[in-house]
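S.K.: Before we start, here is the structure in question, set down as structure tokens.
The values are calculated or read from the model by the stated rules, or taken from the named source; none is laboratory data. Note that the structure is predicted; figures quoted are calculated from it, not measured. Heads up: the accessible areas ignore ligands, DNA and RNA and are worked out on the full protein's heavy atoms, side chains in. Shrake-Rupley method; radii C 1.70, N 1.55, O 1.52, S 1.80 Å.
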Amino acid sequence: MSNRTFTMIKPDAVRAGNIGNILQMITDAGFKIVAMKYLHITTAQAEKFYEVHASRPFYGELTQFMSSGPIVAAILEKENAVADFRKLIGATNPAQAEEGTIRKKYAASLGENAVHGSDSDENAKIEGEFYFSGIEQF
Ligand code: ATP
Ligand code: MG
């Protein structure tokens, strides 16, 4: 699975009308979309997805935000996918994100930062399987 990562276009970027722009940046960077869906998750589903952050002070804010509107969830394929995608999205806080990254272009704040990218091969697999069954991945 080391050639796959998982992403979400978060509710802020969807609301701002940036689904198309962000997908364009992702495919221009050489990632192939191998699974994708557009859906509005419940707060309970967001709490389950972000369980690893349950003890963090921003957990409530994060799970409320992620269930505040529709998102695009996708599995992406490329050599070195996890690391290359983290490079493409930029730092968690858009104020620290490099020029040309997705967060630099489209994220407004640390809490509402436009996109998610898995942080390891192991989590990419877990996160992809949270949203997609085997027959939904190409
Ligand atoms: P993501 O997992 O969404 O790709 P990340 O790996 O860069 O982002 P994490 O540390 O995993 O960052 O945090 C998950 C998400 O929680 C962040 O993307 C951000 O939306 C939110 N978050 C992180 N730190 C804070 C904070 N101090 N205050 C508010 N929200 C935060
Ligand atoms: Mg993370």
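S.K.: Compare Glu51, Glu122, Glu136 by solvent-accessible area with a 1.4 Å probe and give them largest first, with all protein chains kept in place.
M.R.: Glu122, Glu51, Glu136
S.K.: Okay, moving on. Is there a pair in Lys32/Lys104; Lys10/Lys37; Lys32/Lys87; Lys32/Lys78; Lys10/Lys104 whose C-alpha atoms are over 18 Å apart, and which pairs would that be?
M.R.: Pairs exceeding the cut-off: Lys32/Lys104.
S.K.: With runs of 4+ DSSP H residues as the only contributors, calculate the mean residue ellipticity of the chain at 222 nm using -39,500 (n - 2.57) per run, divided by the residue total and rounded to the nearest 500.
M.R.: Computed ellipticity for the chain at 222 nm equals -10500 deg cm²/dmol.
S.K.: Given the options Phe58, Phe85, Phe31, state which has the largest fluctuation in a GNM of the chain using a 10 Å cut-off (strictly under) for Cα springs.
M.R.: Among Phe58, Phe85, Phe31, the largest GNM mean-square fluctuation belongs to Phe58.
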